[in-house]
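Have a look at the structure below, then the notes.
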Amino acid sequence: MAEGERQPPPDSSEEAPPATQNFIIPKKEIHTVPDMGKWKRSQAYADYIGFILTLNEGVKGKKLTFEYKVSEAIEKLVALLNTLDRWIDETPPVDQPSRFGNKAYRTWYAKLDEEAENLVATVVPTHLAAAVPEVAVYLKESVGNSTRIDYGTGHEAAFAAFLCCLCKIGVLRVDDQIAIVFKVFNRYLEVMRKLQKTYRMEPAGSQGVWGLDDFQFLPFIWGSSQLIDHPYLEPRHFVDEKAVNENHKDYMFLECILFITEMKTGPFAEHSNQLWNISAVPSWSKVNQGLIRMYRAECLEKFPVIQHFKFGSLLPIHPVTSG
């Protein structure tokens, strides 16, 4: 035991200078359903869910318009996303017989595939340049699939993993938490919505009316956390058009609802049954807890989603090391 006591606390070993780390190109490790056990026991799973929950806590009770610190790294990430947005404008949809899955998306994606490392290098300082190829993989995985021209919660998870990796190498810090969600992730959502609309992307692995949403999940988790202890907005209000129109600029959850109502026709209870059911939950904290449970069960513990997840040195497949 005495030996163990002399070891540095786990935090300091985690923060070993990343420059000495051997970065690797992330690859798939979950090939069959029984491999899911490896994922659930992995350091990657623990770190990923820990990251999601830390941000969930960080934005609790705060509006998008809340005053928060914006670091240089955050500004650079927003600039990166602005570039992706500009490329959509430069790559208009092509005329084709099929209504869905516009092939111009593949042209847009090819540009990202080619430029991803250069884009990530604008965010990562030169002394951490060795990390760029590893981190860039998660960016490429986060915008949809160019073969199927679809997008889903697995792609969204890759973007969260991209941000998690930037935290692990010290590019993003603890005091960037609110800006990670409100500025970076929110901008990412805007770009993804534009992609989905412009190229009529298919929902990946959609459960149709029984899923929470065709494309996203995390903004519902973080967005419900924002609304915890709100003086007057209750879960029942998000199916009220007036409440959504008046408050969507302050709350991610309501912004998601607005996007759904723009994209879908017919009664809300029919096209978004799960969300309709959630509007009957009495408090936002209960909604938040329920969505976290649902995210674990419906996304993180589903083989069709996790089979595409990639593991490297920053999000490793090895079992959690107790420290």
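The values are calculated or read from the model by the stated rules, or taken from the named source; none is laboratory data. Computed from a predicted structure; not experimentally measured. Methodologically, a virtual Cβ is constructed for each residue, glycine included, from the backbone with ideal geometry; neighbour enumeration extends over all protein chains shown. Ligands, DNA and RNA are stripped out before the accessible areas are found, and what is left, the full protein with its side chains, is counted by its heavy atoms. Shrake-Rupley method; radii C 1.70, N 1.55, O 1.52, S 1.80 Å.
Which residues, taken from the stretch 167-223, are of a type in the set (V, I, T), within 16 Å of K69 (Cβ to Cβ) and more than 12 Å from the chain's Cα centre (by Cα)? Even if it seems obvious, please write down each step before you answer.
Of the stretch 167-223, the ones of a type in the set (V, I, T) are 169, 171, 174, 178, 180-181, 184, 191, 198, 209, 221.
Now narrow it down to the ones that are within 16 Å of K69 (Cβ to Cβ): 171, 174, 178, 180-181, 184.
Answer for the stretch 167-223, where residues must be of a type in the set (V, I, T), within 16 Å of K69 (Cβ to Cβ) and more than 12 Å from the chain's Cα centre (by Cα): V171, V174, I178.
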Report task. Could you list all residues from the stretch 81-138 that are more than 26 Å from Q21 (Cβ to Cβ), free of Cβ contacts under 8 Å to residues at least 12 places away in the same chain and surrounded by 16 or more Cβ atoms within 10 Å (Cβ to Cβ)? Result -> none
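Output the number of residues of the stretch 77-122 satisfying the condition of being of a type outside the set (F, W, Y), touching a Phe, Trp or Tyr at 6+ places or on another chain (Cβ under 8 Å) and more than 16 Å from F162 (Cβ to Cβ). Quick ask: steps written out before the conclusion?
Going residue by residue through the stretch 77-122, those that are of a type outside the set (F, W, Y) are 77-86, 88-99, 101-104, 106-107, 110-122.
If we keep only those that are touching a Phe, Trp or Tyr at 6+ places or on another chain (Cβ under 8 Å) too, we end up with 81, 88, 91, 93, 101-102, 104, 111-112.
Narrowing further to those that are more than 16 Å from F162 (Cβ to Cβ): 88, 91, 93, 101-102, 104, 111.
The number of residues fulfilling the criteria is 7.
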**Report entry** Flag for Q289 being free of Cβ contacts under 8 Å to residues at least 24 places away in the same chain and of a type in the set (S, T, N, Q)
**Finding:** yes
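For (1) among the aliphatic types (A, V, I, L, M); (2) closer than 26 Å to T198 by Cα, each residue gets a yes or a no:
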site: E234; (1), (2): no, no
site: D240; (1), (2): no, no
site: A243; (1), (2): yes, no
site: N247; (1), (2): no, yes
site: M252; (1), (2): yes, yes
site: L258; (1), (2): yes, yes
site: E262; (1), (2): no, yes
site: F268; (1), (2): no, yes
Report task. Examine the stretch 249-264 for a residue that is more than 22 Å from the chain's Cα centre (by Cα), open to solvent by 60 Å² or more (accessible area, probe 1.4 Å) and hydroxyl-bearing (S, T, Y), and state whether such a residue exists. Result -> no
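Just need a number here: residues in the stretch 246-265 that are part of a loop (DSSP other than H, G, I, E, B) and either of a type in the set (S, T, N, Q) or touching a Phe, Trp or Tyr at 6+ places or on another chain (Cβ under 6 Å) (or both).
Taking the stretch 246-265 and keeping what is part of a loop (DSSP other than H, G, I, E, B), we get 248-251, 264-265.
In the following step, the residues that additionally are either of a type in the set (S, T, N, Q) or touching a Phe, Trp or Tyr at 6+ places or on another chain (Cβ under 6 Å) (or both) were identified as 265.
Qualifying residue count for the region: 1.
Condition check ((1) surrounded by 21 or more Cβ atoms within 10 Å (Cβ to Cβ); (2) of a type in the set (A, V, I, L, M); (3) touching a residue at least 12 places away in the same chain (Cβ under 8 Å); (4) at positive phi) across all residues:
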residue: C164; (1), (2), (3), (4): yes, no, yes, no
residue: R173; (1), (2), (3), (4): no, no, yes, no
residue: Q177; (1), (2), (3), (4): no, no, yes, no
residue: M192; (1), (2), (3), (4): yes, yes, yes, no
residue: E202; (1), (2), (3), (4): no, no, yes, no
residue: F215; (1), (2), (3), (4): yes, no, yes, no
residue: W222; (1), (2), (3), (4): yes, no, yes, no
residue: D229; (1), (2), (3), (4): no, no, yes, yes
residue: Y232; (1), (2), (3), (4): no, no, no, no
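The rows are residues; the columns are (1) in contact with a helix residue (DSSP H, G or I) (Cβ under 6 Å, 6 or more places away or on another chain); (2) modelled with pLDDT of 95 or more; (3) not in a helix (DSSP H, G or I).
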| residue | (1), (2), (3) |
| --- | --- |
| V135 | yes, yes, no |
| A161 | yes, yes, no |
| M192 | no, yes, no |
| L195 | no, yes, no |
| D229 | no, yes, yes |
Report summary line: Considering only helices (runs of 4 or more DSSP H) wholly within the stretch 272-323, the ones with at least 2 residues that are touching a Ser or Thr at 6+ places or on another chain (Cβ under 9 Å) and either aromatic (F, W, Y) or surrounded by fewer than 16 Cβ atoms within 10 Å (Cβ to Cβ) (or both) are 284-295
Requested in this report: Would you check if there is a residue in the stretch 27-50 being polar (S, T, N, Q), at pLDDT 95 or above, buried (at least 17 other Cβ atoms within 10 Å of the Cβ) and in a helix (DSSP H, G or I)?
Outcome: no
Query raised in the report: Mind checking which pairs have a first residue in the stretch 61-78 that is under 14 Å from V124 (Cβ atoms) and a second that is assigned to a loop (DSSP other than H, G, I, E, B), Cβ under 7 Å, 6 or more apart or different chains?
Result: A73/V123; A73/V171; A73/L172; K76/T122; K76/V123; L77/V123
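Results for (1) in contact with a Pro (Cβ under 8 Å, 6 or more places away or on another chain); (2) within 28 Å of P93 (Cα to Cα); (3) at pLDDT below 95, shown as yes or no for each residue.
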{"site": "A204", "(1), (2), (3)": "no, yes, yes"}
{"site": "G223", "(1), (2), (3)": "no, no, no"}
{"site": "T265", "(1), (2), (3)": "no, yes, yes"}
{"site": "H271", "(1), (2), (3)": "no, yes, yes"}
{"site": "Q274", "(1), (2), (3)": "no, no, yes"}
Query raised in the report: Going by the structure shown, is E141 more than 15 Å from the chain's Cα centre (by Cα) and not polar (S, T, N, Q)?
Result: no
